[in-house]
Amino acid sequence: MPTNDERLELETAHLPPANDASIELQVEAHGEFAAASEFLYCYLDDTFLGFTFAADGIDCARNAASLSIDRTVWDAAAVDGSRLVTVWASPTVDPAACVSNEVSVTVRYVGIPADCNDNGLWDGCDIGSGSSTDHDGNGIPDDCQTDCDEDGVPDSWALSEGLVPDCNGNAIPDACDIADGTSNDVDTNGVPDECKPDCNGNGLPDAYELAQGLAQDCNDNQIPDSCDIADGTSNDVDSNGVPDECKGDCNGNGIPDYWEILQGDAQDCDENGLPDACDIASGDLNDCDGDGLVDSCAIEDGFATDCNENGIPDSCDIDGPDGGKGDKNGNGIPDSCDLARGDLNLDGCIDGADLSFLLSLWGLPNPPIGDLDGDGVVDGFDLAVLLSGWAPCP
């Protein structure tokens, strides 16, 4: 007979929640119980359940009693992972009074037991015997709970433990959403498409569209160009669907070269698709006077003169290195050109003084000046050139 110092303890951790059943604690004992002061104490964890045999006990015979356990108390006792039923005798019970002293304790669920898998065994017995597992400890065998991926673990428990992903938060493993067609997975990476970035909302993940060439990503930021443009990450001044940073912009002003040229904001006199300023900056074209105009184009368009047709504006010839070609009369034309047209004294006029100068050199081979046609001698042909440009001073 267990005394206060010798308690009978019954571990019931494997029993499931009560659900709709009633719970009874059945106690049977042989011992000294005839007196009102001779009885047993009964506890569930720290909750006192009651006394047995205090009013109707019999000495040295079979005594039996039942105590009801409230379902709320029963379920609450399992919160820490176990339930402990404890029984011990009052101090007045003499263990030596009877030849035999025995106590047995049984916990009974009263009602129709659940058998969710229809195997003829109560679910609690299935779980308690190990015939069925119960990963989440809810008293329901795992084989009776939803297991869409058939891995032997209930979906709800696998999700709560982080064993399987549920990116869309619908309480169903992603693999099952994909398998049953609830979700698409075009790139077969095991992640539902709705959980992948889809900036244009067309139902296809951005990464898949880019990998398949269905969308462009000219700036290599892993986002379709159309989305960069739509959300303002990139500009597209010409609305051609290509971010401006992917178009030629030789001067780095954020505006595509061809667009600047098309809008008349930049010149492209050689029609090579690049603003003249870039050609000049790179050294591909010259701008000797720094006016922003390509020398050859300035000459061709009449913005600059090139009397000697050397491809260099006269102003640059005059102001060139080492004193340039000189412009003694200050008319903006290199002296060499003035001499070549007959202004032999470089006074800015072609008149009698120049004629006298020419005649003084008549017949002279390879003269320093006066050979206006370049044939190596001053003669009638040179006279004709001088007279054709006759321009007396006012």
Residue pairs, Cβ under 6 Å, 6 or more apart or interchain, first in the range 301-328 and modelled with pLDDT under 80, second of a type outside the set (A, V, I, L, M, F, W, C) and part of a loop (DSSP other than H, G, I, E, B). List them.
Lys325/Pro334
Quick check on Asp238: is it open to solvent by less than 80 Å² (accessible area, probe 1.4 Å) and over 16 Å from the mean Cα position of the chain (by Cα)?
yes
May I ask you to verify whether Thr92 is among the polar types (S, T, N, Q), in a loop (DSSP other than H, G, I, E, B), farther than 30 Å from Asn202 by Cβ and over 47 Å from the mean Cα position of the chain (by Cα)?
yes
Which count do you get for residues in the range 344-377 that are of a type in the set (Ser, Thr, Tyr) and open to solvent by less than 30 Å² (accessible area, probe 1.4 Å)?
0
One residue from Val164, Val107, Val153 being within 30 Å of Asp46 (Cβ to Cβ) and surrounded by 13 or more Cβ atoms within 10 Å (Cβ to Cβ):
Val107
Among the acidic types (Asp, Glu), open to solvent by less than 50 Å² (accessible area, probe 1.4 Å) and assigned to a loop (DSSP other than H, G, I, E, B): is that true of Asp265 in this structure?
no
Please determine, by comparing only the residues of the range 31-89 that are small (Gly, Ala, Ser) and in a strand (DSSP E or B), which one is most open to solvent (accessible area, probe 1.4 Å).
Ser68
For the range 174-188, enumerate the residues that are open to solvent by 50 Å² or more (accessible area, probe 1.4 Å) and either in a helix (DSSP H, G or I) or within 19 Å of Leu159 (Cα to Cα) (or both).
Ala175, Ala179, Asp180, Thr182
Can you name the condition, by its number, that Ile223 falls short on among (1) free of Cβ contacts under 8 Å to residues at least 24 places away in the same chain; (2) β-branched (Val, Ile, Thr); (3) in a loop (DSSP other than H, G, I, E, B)?
(1)
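The values are calculated or read from the model by the stated rules, or taken from the named source; none is laboratory data. Small disclaimer: the values here were computed from a predicted structure and weren't measured. Backbone-built Cβ (ideal geometry, glycine too); neighbour counts: all protein chains shown. Ligands, DNA and RNA are excluded from the accessible area calculation, which covers all protein heavy atoms including side chains. Shrake-Rupley method; radii C 1.70, N 1.55, O 1.52, S 1.80 Å.
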